[in-house]
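Undergrad: For reference, the structure I am asking about is given below.
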Amino acid sequence: MQDQATPLTLDDVVRLRRRKKGVQFGIFAVLIGLVLWSVQATVIDDTDWQRIGTLADIGESVAHFIGVDFALIPSLLGPTIETFMIACIGTLLGLVFCVPMIWFGALNVTPFKPVTYPIARVAMTLSRSIHEIVWALIFVSAVGLGAFAGILAIAARSLGFIAKMSAEAIENIDHKPVEAIRAMGGSNLQVMIYAILPQVLPVILGIVIFEWEINIRRSSVLGLVGAGGLGLVFFRQMNTFNYPGVTTVIIAILMLILIGEVVSHYSRKALI
Amino acid sequence: MTMPEKARPDTLRGDDVHREWSRFKYPQTLINYGVLFGILLFFSYSIHYLNIPLERILGMFGRLGDVLANRYYPPDLDYIADTDYLDSVIETVQMAYLGTLFGLTLAIFLGWFAAYNVSPSRKYIYPVARLVAMGCRSVHEMIWAILFVTILGFGLLPGVLALTMFSIGFAGKLFAEEVESIDMGEVEAIRAMGGTNLQVFVFGVFPQVRVAFTGIAIYTWDVAFRAATVVGFVGAGGMGWYLKRNIMQIETERTAAILLSIVVLVVISELISAWARSRVSKAQ
């Protein structure tokens, strides 16, 4: 047992430093070993090098994608707007659904800690850990093809993140306004509306705008599983081997995301 | 009945007399309400445009519950205990690991080039690096996976490359933001000593962002692992292929088991990364 009072001798310092070096070396060795193992398994064993061929073949495949299919552009406008709207409404719906989850998931406001807190935490993890494509598949099987399934998928996917960050924001609030309103005889609801909400509303809105920006990106692929938007056009171009059309759709997605990024940047600035 | 208001002198009218305190004054409130109204209008129009049956949303929960209870329960646990499936899980982990690693290695350079304050050339390299980071990030990992599968064929390699592109964009942007907020004193000191750009980065910038970079790396791994579970959908290897096959065959109990295994894996990886991040921030 090393007592705090006894000063470290030079030997101790050297030994500790050597031990730390040893631990670091061990961690790096493990990481590099994992890299070698993974490379062996994925890149060397599992890859069909015959199919890939030479570098020239790869270049040829890539060259298919170069070019823009101008004839496609007018028919892209509708799906682009649809993608944008799916992202907007999905985020809004996610926000609506996550209100009870924020309430249950924040430790200091949860109504009945042993039951509601774990429920909310499990729901958050579930929502975040299932990929949006899988959510879309589940909802397509539940409500049928179309934009509605996409909206529900976006809502289900974004709700966990919004709820988690917002619940953390509520847990970190200043407690003095809460006490003040309690001391005035305010009910739980009044405490929430007048003491907690004003403190966290800007934070939550910032989180929602951030998530909305990501949701545009997500909604652009939901069409792959039949949930509408640009992904459907992308998939159709891919299946008809119209590679310039694929490039055009990707450019449209980039434009849409650029717009979203600019809007989100300025609206977050306006919020603060 | 005489109104007391009438007795007021007219000089007060039109003046900025506010009896009640409010955070925003007259023109600002109008703008705020206008923006709010515009947003509401947009939402209602898009609900109309997309034909969304709002009344079905509440009824949907009951149906969804029925579907989950009757068809997805009980999960077919024997199916996921199969060695073939477990192999695919290991492949998924390897794919995510390699993709993140390659992506992070490239993201260090991208973050350096795309940070305005230390970029080697603000005129040429900085905009290009920004564009690359944005492009990598905006294209969804599924689209990357489809593109790489088209070019390279099925297998784990396209999956690794798709995750690499995703990680470059994701970590590159965060890393560039981190580099932009460093203390420039050390950078100036090394520049004053005649250090080259590379030396400035290695000795002036990197030591300042090392801890933040480790945090970003762990976070990227976390997100990339989630993406890795589905890139197999389009033939890029890993457990996504099993998921797609079972969903297509409407083997709902097996699908439920696979989803369960994904959730468990994600929770495990999240726990590990939370532990690692707390260790890193403590070691600082």
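Undergrad: Which residue is farthest from the other protein chains (Cβ to nearest Cβ), if the candidates are limited to region B:102-138 and must be in a loop (DSSP other than H, G, I, E, B) and touching a residue at least 24 places away in the same chain (Cβ under 8 Å)? Steps first, answer last, please.
TA: Taking region B:102-138 and keeping what is in a loop (DSSP other than H, G, I, E, B), we get B:114-124.
If we keep only those that are touching a residue at least 24 places away in the same chain (Cβ under 8 Å) too, we end up with B:114-118, B:120.
Working: B:A114: 14, B:A115: 17, B:Y116: 15, B:N117: 19, B:V118: 22, B:P120: 25 Å.
That would be B:P120.
Undergrad: Looking only at region A:177-217, filter to residues that are within 28 Å of A:M85 (Cβ to Cβ) and of a type outside the set (A, V, I, L, M, F, W, C); which one of those is surrounded by the most Cβ atoms within 10 Å (Cβ to Cβ)?
TA: For region A:177-217, the residue satisfying everything is A:N215.
Undergrad: I would also like to ask the following. Name the single residue, out of those in region B:243-282 being polar (S, T, N, Q) and exposed (fewer than 15 other Cβ atoms within 10 Å of the Cβ), that is nearest to the other protein chains (Cβ to nearest Cβ). Talk me through it step by step, then tell me what you get.
TA: So the first thing to find is which residues in region B:243-282 are polar (S, T, N, Q), and the list is B:246, B:249, B:252, B:255, B:261, B:269, B:273, B:278, B:281.
Pick out the ones that are also exposed (fewer than 15 other Cβ atoms within 10 Å of the Cβ) and you get B:249, B:278, B:281.
On the way: B:Q249: 12, B:S278: 15, B:S281: 16 Å.
So, considering only residues that are polar (S, T, N, Q) and exposed (fewer than 15 other Cβ atoms within 10 Å of the Cβ), the one nearest to the other protein chains (Cβ to nearest Cβ) is B:Q249.
Undergrad: Return only the number of the condition from (1) of a type in the set (A, V, I, L, M, F, W, C); (2) within 30 Å of A:I73 (Cβ to Cβ); (3) in contact with a helix residue (DSSP H, G or I) (Cβ under 6 Å, 6 or more places away or on another chain) that A:V200 does not satisfy.
TA: The failed condition is (2).
Undergrad: Restricting attention to region B:97-115, and to residues there that are hydroxyl-bearing (S, T, Y) and surrounded by fewer than 24 Cβ atoms within 10 Å (Cβ to Cβ), which single residue is farthest from A:T42 (Cα to Cα)?
TA: Step one: filter region B:97-115 for residues hydroxyl-bearing (S, T, Y), giving B:97, B:100, B:105.
From the residues that got through so far, the ones that are surrounded by fewer than 24 Cβ atoms within 10 Å (Cβ to Cβ) too are B:97, B:105.
Numbers: B:Y97: 11, B:T105: 19 Å.
Taking the candidates together, the pick is B:T105.
Undergrad: Here are the criteria: (1) closer than 19 Å to B:V230 by Cα; (2) of a type in the set (G, A, S); (3) more than 9 Å from chain A (Cβ to nearest Cβ); (4) within 15 Å of the chain's Cα centre (by Cα). Tell me which single one B:G99 does not satisfy.
TA: Answer for B:G99: the failing condition is (4).
Undergrad: Turning to a different aspect of this structure: Residues of region B:50-60 being within 9 Å of chain A (Cβ to nearest Cβ), assigned to a helix (DSSP H, G or I) and exposed (fewer than 15 other Cβ atoms within 10 Å of the Cβ), which ones?
TA: Of the residues in region B:50-60, the ones within 9 Å of chain A (Cβ to nearest Cβ) are B:50-53, B:56-57, B:60.
Going one step further and asking which of them are assigned to a helix (DSSP H, G or I), we end up with B:56-57, B:60.
Result: B:R56, single match.
Undergrad: Kindly evaluate B:R130 against the criterion of being surrounded by 15 or more Cβ atoms within 10 Å (Cβ to Cβ) and of a type in the set (K, R).
TA: yes
Undergrad: Might you let me know whether region B:183-203 holds any residue that is within 31 Å of the chain's Cα centre (by Cα), part of a helix (DSSP H, G or I) and acidic (D, E)?
TA: no
Undergrad: Next question, about the same structure. Given the criteria surrounded by fewer than 24 Cβ atoms within 10 Å (Cβ to Cβ) and more than 9 Å from chain B (Cβ to nearest Cβ), does A:L232 qualify? Give the steps one after another, and end with the answer.
TA: Details: surrounded by fewer than 24 Cβ atoms within 10 Å (Cβ to Cβ): yes; more than 9 Å from chain B (Cβ to nearest Cβ): yes.
So A:L232 passes the test.
Undergrad: Inspect all residues belonging to region A:159-179 and state whether any of them is touching a Pro at 6+ places or on another chain (Cβ under 8 Å), under 29 Å from B:L64 (Cα atoms) and aliphatic (A, V, I, L, M).
TA: Within region A:159-179, not a single residue is touching a Pro at 6+ places or on another chain (Cβ under 8 Å), under 29 Å from B:L64 (Cα atoms) and aliphatic (A, V, I, L, M).
Undergrad: List the pairs whose first member sits in region A:80-107 and is among the acidic types (D, E), whose second member is at pLDDT below 90, and whose Cβ atoms are under 6 Å apart, counting only residues at least 6 apart or on separate chains?
TA: A:E82/A:G228; A:E82/A:G229
Undergrad: Among the residues in region B:14-24, are any more than 27 Å from the chain's Cα centre (by Cα), at positive phi and modelled with pLDDT under 80? Break it down into steps so the answer makes sense when it comes.
TA: Filtering region B:14-24 for residues more than 27 Å from the chain's Cα centre (by Cα) gives B:14-24.
Cutting the leftovers down to at positive phi gives us B:14.
Checking the rest, the ones that are also modelled with pLDDT under 80 come to B:14.
Yes.
Undergrad: For region A:113-135, enumerate the residues that are part of a loop (DSSP other than H, G, I, E, B) and farther than 16 Å from B:Y72 by Cβ. Even if it seems obvious, please write down each step before you answer.
TA: Start the filter on region A:113-135 by keeping residues that are part of a loop (DSSP other than H, G, I, E, B), which leaves A:130-131.
Matches in region A:113-135: A:H131 only.
Undergrad: Could you tell me whether A:G223 is among the small types (G, A, S), closer than 22 Å to B:G135 by Cβ and within 12 Å of another protein chain (Cβ to nearest Cβ)? Walk me through it before giving the result.
TA: On the way: among the small types (G, A, S): yes; closer than 22 Å to B:G135 by Cβ: yes; within 12 Å of another protein chain (Cβ to nearest Cβ): yes.
Yes; evaluated as a whole, the condition is true for this residue.
Undergrad: So, of the residues in region B:146-160 that are in contact (Cβ under 8 Å) with a residue 60 or more places away in the chain and over 19 Å from B:I90 (Cβ atoms), which turns out to be nearest to the other protein chains (Cβ to nearest Cβ)?
TA: Among those that are in contact (Cβ under 8 Å) with a residue 60 or more places away in the chain and over 19 Å from B:I90 (Cβ atoms), it is B:I146.
Undergrad: Check off (1) farther than 30 Å from A:G78 by Cα; (2) within 11 Å of chain A (Cβ to nearest Cβ); (3) surrounded by 13 or more Cβ atoms within 10 Å (Cβ to Cβ); (4) not β-branched (V, I, T) for B:R63 and give me the number that stays unchecked.
TA: Single failed check for B:R63: (3).
Undergrad: Of all residues in region B:119-176, count the ones that are within 27 Å of A:I44 (Cβ to Cβ) and among the polar types (S, T, N, Q).
TA: 3
Undergrad: Within region B:66-96, track down each residue that is within 14 Å of another protein chain (Cβ to nearest Cβ), over 19 Å from A:D46 (Cα atoms) and among the small types (G, A, S).
TA: B:A69, the sole residue that qualifies.
Undergrad: Further, regarding this structure: Collect the residues in region A:59-90 that are aliphatic (A, V, I, L, M) and either in a helix (DSSP H, G or I) or within 10 Å of another protein chain (Cβ to nearest Cβ) (or both), keeping them in residue-number order. Full working, then the answer.
TA: Quick first cut of region A:59-90, residues aliphatic (A, V, I, L, M) only: A:62-63, A:66, A:68, A:71-73, A:76-77, A:81, A:85-87, A:89.
If the condition is that a residue be aliphatic (A, V, I, L, M) and either in a helix (DSSP H, G or I) or within 10 Å of another protein chain (Cβ to nearest Cβ) (or both), then A:V62, A:A63, A:A71, A:L72, A:I73, A:L76, A:L77, A:I81, A:M85, A:I86, A:A87, A:I89 are the ones that fit.
Undergrad: State whether the residues of region B:139-152 include one that is outside any helix (DSSP H, G or I) and within 18 Å of B:A224 (Cα to Cα). Can you show your working first?
TA: So the first thing to find is which residues in region B:139-152 are outside any helix (DSSP H, G or I), and the list is B:139-140.
Imposing the further condition that a residue be within 18 Å of B:A224 (Cα to Cα) reduces the set to B:139-140.
Scanning region B:139-152, I find at least one residue that is outside any helix (DSSP H, G or I) and within 18 Å of B:A224 (Cα to Cα), so the answer is yes.
Undergrad: Another question, if that's okay. Name the residue, out of A:F84, A:F112, that is aromatic (F, W, Y) and farther than 30 Å from B:L50 by Cα.
TA: Working: A:F84 fails: farther than 30 Å from B:L50 by Cα.
A:F112 is the lone residue from the list that is aromatic (F, W, Y) and farther than 30 Å from B:L50 by Cα.
Undergrad: Go over the candidates A:I138, A:I154 one by one and state the one that is out of contact with any helix residue (DSSP H, G or I) (no Cβ under 6 Å at 6 or more places or on another chain), in a helix (DSSP H, G or I), more than 7 Å from chain B (Cβ to nearest Cβ) and not acidic (D, E). Don't jump to the end; show me each part of the working.
TA: On the way: A:I154 fails: out of contact with any helix residue (DSSP H, G or I) (no Cβ under 6 Å at 6 or more places or on another chain).
Step by step, each of A:I138, A:I154 is checked, and only A:I138 is out of contact with any helix residue (DSSP H, G or I) (no Cβ under 6 Å at 6 or more places or on another chain), in a helix (DSSP H, G or I), more than 7 Å from chain B (Cβ to nearest Cβ) and not acidic (D, E).
Undergrad: Out of A:L258, A:L205, A:L271, A:L201, report the one residue that is modelled with pLDDT under 85, farther than 24 Å from A:V140 by Cβ and within 14 Å of another protein chain (Cβ to nearest Cβ). If you could, list the steps in order and put the result at the bottom.
TA: Details: A:L258 fails: modelled with pLDDT under 85; A:L205 fails: modelled with pLDDT under 85; A:L201 fails: modelled with pLDDT under 85.
Result of the check over A:L258, A:L205, A:L271, A:L201: A:L271.
Undergrad: A further question follows. Tally the residues that are surrounded by 10 or more Cβ atoms within 10 Å (Cβ to Cβ), facing chain B (nearest Cβ under 10 Å) and not in a loop (DSSP other than H, G, I, E, B), restricting the search to region A:33-58.
TA: Number satisfying all stated conditions: 16.
The values are calculated or read from the model by the stated rules, or taken from the named source; none is laboratory data. On a predicted model such as this, the values are computed, not experimentally measured, just so you know. Glycine also receives a Cβ, built like all others from the backbone with ideal geometry; neighbour counts cover every protein chain displayed.
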